[in-house]
1. Being of a type in the set (A, V, I, L, M, F, W, C), crowded, with 24+ Cβ neighbours inside 10 Å, touching a residue at least 24 places away in the same chain (Cβ under 8 Å) and in a helix (DSSP H, G or I), is that true of even one residue in the stretch 385-397?
2. Out of the residues in the stretch 183-193 that are surrounded by 18 or more Cβ atoms within 10 Å (Cβ to Cβ) and among the hydrophobic types (A, V, I, L, M, F, W, C), which is farthest from residue 211 (Cα to Cα)?
3. Answer with yes or no whether residue 128 is of a type in the set (Gly, Ala, Ser) and either touching a residue at least 24 places away in the same chain (Cβ under 8 Å) or surrounded by 23 or more Cβ atoms within 10 Å (Cβ to Cβ) (or both).
4. Quick test for you: out of 196, 141, 152, pick the one residue that is among the charged types (D, E, K, R), crowded, with 19+ Cβ neighbours inside 10 Å and part of a helix (DSSP H, G or I).
5. When the residues of the stretch 307-324 are narrowed to those that are surrounded by 15 or more Cβ atoms within 10 Å (Cβ to Cβ) and under 24 Å from the mean Cα position of the chain (by Cα), which ends up farthest from residue 243 (Cα to Cα)?
6. Looking at 144, 125, 118, 160, which is the one that is out of contact with any Lys or Arg (no Cβ under 9 Å at 6 or more places or on another chain) and among the acidic types (Asp, Glu)?
7. Scan the stretch 1-17 and report the pairs whose first residue is modelled with pLDDT under 95 and whose second residue is of a type in the set (Lys, Arg) and in a loop (DSSP other than H, G, I, E, B), with Cβ atoms within less than 6 Å and a gap of 6+ or a chain change.
8. I'm checking my understanding of the structure. Among residues of the stretch 207-252 that are among the polar types (S, T, N, Q) and assigned to a strand (DSSP E or B), which one is farthest from residue 384 (Cα to Cα)?
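The values are calculated or read from the model by the stated rules, or taken from the named source; none is laboratory data. Just so it is clear, the structure is predicted and the values come from calculations on it, not from any experiment. Using ideal geometry, Cβ is built from the backbone for each residue, glycine included, and neighbour counts are taken over all protein chains shown.
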Amino acid sequence: MRDFQQPGRSAVHVTNGICATSHPLAAAAAVDILKQGGNAVDAAIAGAVLLGLAEPQMTGIGGDCFALVSPAGGDDVIAVNGSGRAPANADAAALREAGHDFVPVASAHAVTVPGAIDAFCTMSDRWGRLGLADSLAPAIRYMDEGVPVAPRVAFDWRMDADRLQGAGRTHFLKGDQPLAVGDIFRLPGQAEVLRRVAKEGRSAFYEGEVAEDMLATLNAAGGLHTPEDFARTECTIGTPIASDYRGRELLEHPPNGQGVIAMLMLDILKRFDIARLDPFGAERAHLEAEAAKLAYDARNRFLADPEHMTRFDHLASDALADELAALIDPARVMAAPATLSESVHRETIYITVVDRDRMAVSLIYSIFHGFGSGIASDKFGILMQNRGAGFSLAEGHPNELGGGKRPMHTIIPAMVRDGGRVTMPFGVMGGQYQPNGHARLMSNLTDFGMDPQAAIDAPRSFAEGSELKLERGYSDAVRAELADMGHNVVTPEAPVGGAQAILIHGSGVLEGASDPRKDGCAIGY
């Protein structure tokens, strides 16, 4: 139990249904859908689409999503891959010949076809109860009326506004300036898009006037996208991947997401006696940093569209975890693994919902960098993701940019099963941090016995590039000790990621936890 004389946040305990996400209006909209008789899929779609307005620098209908769905009445879990593909005419060789070492993040070449809308339509049709129109209604209303800008959103808006270009500046700035706390933000063009999707389904987005608006903008910016690229977009339904961490089963989305890297990190860390360490001490932060360097280097070498990936079994093997763990010196920093050219961060939202029948949804939805590519369609103001920046331009790399391929994706939803029962959908935002965040959260829960809210609140560290980022929750003594080990310790300008989780107790109680690093909360009834 937390010290009630210290600032903190209590978990939310309910019995009927609950949503945890990074903005309170989205959480409230999701719970309203549950109260109307909708299920967790209906509610998750409602909250997620609204987050494209409430946190527009993080996500939107021009982006991608991944989801894990555990239907009511069982403990099976289904993986939904709503990531889009590169246009058929995409050509890595042409970009290399133009002098590029990586896909330019602010160019139309980085824009993959948005996959989220197709995934939402498919999820609603297969597992929803109310129908897509009901799920989209809250976002349509708010996009017309507007929402006040929240404090963390305003902080990010200031940091990322310079990424906006052309019509993006018209639709997402106020007098060419970032919106501030309390300003009302509207997206009436996107409201019209959602009205059409609610009435006509996915074809209203991927064909006709809306697709033409996106294509005209992309083609004018040098993109190679065609109507056929949009029309053929289709999500993929599959099975999660699973691994054991000290008796608990972690479920992750399979590639092209990086969930297997969270598993690899945990497999490395369980070669050490983490539970005997100070959870906020130097030794744990050091071991985690070294494990992250090694796991992420493996990711950069092998992770790709599963149709082009040949080393998945290697990434998931005990042999690789043994070899990598043996490279870690518990007292000294290793030389950083080679930095590859992939652009692998940035902005994401996560939402999780559990309903009264215990259907659980773990959904993550993103446009990649802050405000994505910065390119928005002229008429409807659809901000286009730059997920194509996750491709490599290295010739022969499994993740090399190619027509019709899905890029390596940073966003990963997760679930935990204990004794065969789904007990906790969760997710950690923060782009590249996400596998490290999953490993940290699982370790906080399992090695140190923290409850979900305490596990989320706990200070974070992250080895990124040549730096070890430590949040201000770490003591000066720990910082000095890590510096003595050879780490280049820095305090990041922004907090490291964000997280949401719902613990499903065997008693029937639902316990929602939400990261104070974001504006959101858990709401239930």
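1. Within the stretch 385-397, one or more residues are of a type in the set (A, V, I, L, M, F, W, C), crowded, with 24+ Cβ neighbours inside 10 Å, touching a residue at least 24 places away in the same chain (Cβ under 8 Å) and in a helix (DSSP H, G or I).
2. Looking at the filtered set, the residue picked out is 185.
3. So residue 128 passes the test.
4. When all the criteria are applied, what remains is 152.
5. 308
6. Numbers: 144 fails: out of contact with any Lys or Arg (no Cβ under 9 Å at 6 or more places or on another chain); 118 fails: out of contact with any Lys or Arg (no Cβ under 9 Å at 6 or more places or on another chain); 160 fails: out of contact with any Lys or Arg (no Cβ under 9 Å at 6 or more places or on another chain).
Criteria check complete, one pass: 125.
7. Sorted first by the residue in the stretch 1-17, then by its partner, the pairs are 8/2.
8. Step one: list which residues in the stretch 207-252 are among the polar types (S, T, N, Q), which gives 217, 219, 226, 233, 236, 239, 243.
Adding the requirement that they be assigned to a strand (DSSP E or B) leaves 236, 243.
Details: 236: 21, 243: 34 Å.
So the residue we want is 243.
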